[in-house]
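The values are calculated or read from the model by the stated rules, or taken from the named source; none is laboratory data. Source: prediction; values computed, not measured. Note that each Cβ is placed from the backbone with ideal geometry, even for glycine, and that neighbours are counted across all protein chains shown. All accessible areas refer to the heavy atoms of the entire protein, side chains included, with ligands and DNA or RNA removed. Shrake-Rupley method; radii C 1.70, N 1.55, O 1.52, S 1.80 Å.
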Amino acid sequence: GENVEQHPSTLSVQEGDSAVIKCTYSDSASNYFPWYKQELGKGPQLIIDIRSNVGEKKDQRIAVTLNKTAKHFSLHITETQPEDSAVYFCAATFSNDYKLSFGAGTTVTVRA
Amino acid sequence: DTGVSQDPRHKITKRGQNVTFRCDPISEHNRLYWYRQTLGQGPEFLTYFQNEAQLEKSRLLSDRFSAERPKGSFSTLEIQRTEQGDSAMYLCASSFGSSGSTDTQYFGPGTRLTVL
């Protein structure tokens, strides 16, 4: 099955700086890569996703890049704000599989 | 419009007892998923329904676990003879998709199970 590794496990940034989280996947058939944000006591919330026919996708302060050759994808958060503090998970899956394989998560702390 | 809802939000039980959780997906979503999340880890897939049919079960789902989705609407996850190792957050997600597509999964708030 798919194996997703995520780094770093914790990330502390100054408010206004950028945060970058990287994930690698093992199955070259994977073609869908969502990112979820999870706050304490809540379920994961989708923040952005990318499919394998696209190399980059942006949504305001959030962007995701995908390198299919190297089998890795990254989340970029610019101009971080205290409300960006949460645990972020990357995931991967492929067509006809449906189940998501998640990374272990990155705890992001934005210092005011 | 409401998102995925789960009930109860918290459950504390004694080892050996049976527990049942409920998930109500987003209206008209034909796919429903159960995941389990332990502290400090990402969610792990347990099982998946397309309409009322249970199409895949993870090896994590032992014989003590059973899931149903009657009439393709809400779903229940039952754990029999609970063990301390069952303590985790149980997450439900739903999506709408057709054959061959990878669709966006929306998660509920989860049910946190503590087995004493």
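Numbers at a glance
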| read-out | value |
| --- | --- |
| Relative contact order [Cα under 8 Å, 6+ residues apart], the range B:1-95, whole percent | 36 percent |
| Where GluC sites (Glu not before Pro) fall in DSSP loop in the range A:1-81, at most 14 other Cβ within 10 Å | A:15, A:39, A:79 |
| Dimensionless Rg ratio for the range B:1-88, taking C-alpha atoms and the 2.2 N^0.38 Å reference | 1.08 |
| Alpha carbon convex hull of the range B:45-116, volume per residue in cubic angstrom | 98 Å³ |
| Portion, in percent, of the accessible area of chain B that falls on carbon or sulfur, probe 1.4 Å | 45 percent |
| The range A:98-112 residues near the modelled residue A:61 label - backbone nitrogen below 14 Å, point 7 Å along Cα→Cβ | A:108-112 |
| Around residue B:77: net Lys/Arg minus Asp/Glu count, Cβ-Cβ under 9 Å | -1 |
| Neighbour-limited loop hits for trypsin sites (Lys or Arg not before Pro), the range B:48-116 (at most 10 other Cβ within 10 Å; DSSP other than H, G, I, E, B) | B:59 |
| Cα-centred dipole magnitude for chain B, charges only on beta-carbon of K, R (+1) and D, E (-1), debye, nearest 20 | 460 debye |
| Karplus 3J(HN,Hα) series, Hz, for the range A:30-42 with 6.51 cos²θ - 1.76 cosθ + 1.60 (x for Gly, Pro) | 4, 9, 9, 9, x, 10, 10, 10, 10, 9, 4, x, 10 |
| Accessible-area composition of the range A:27-79, carbon plus sulfur, in percent [1.4 Å probe] | 46 percent |
| Distance between the range B:47-116 and the range A:1-74 - C-alpha centres, whole angstrom | 24 Å |
| Distance (nanometres) between label positions extended 7 Å along Cα→Cβ at residue B:17 and residue B:63 | 2.5 nm |
| HN-Hα J in Hz across the range B:106-116 - Karplus 6.51, -1.76, 1.60, θ = phi - 60°, x for Gly and Pro | 10, 9, x, x, x, 10, 8, 9, 10, 9, 8 |
| Kirkwood Rh, Cα atoms: Rg over Rh of the protein assembly as shown | 0.97 |
| Radius ratio Rg over Rh of chain A, counting only Cα atoms, Kirkwood formula for Rh | 0.96 |
| DSSP-loop GluC sites (Glu not before Pro) across the range B:1-81, with at most 13 other Cβ within 10 angstrom | B:28 |
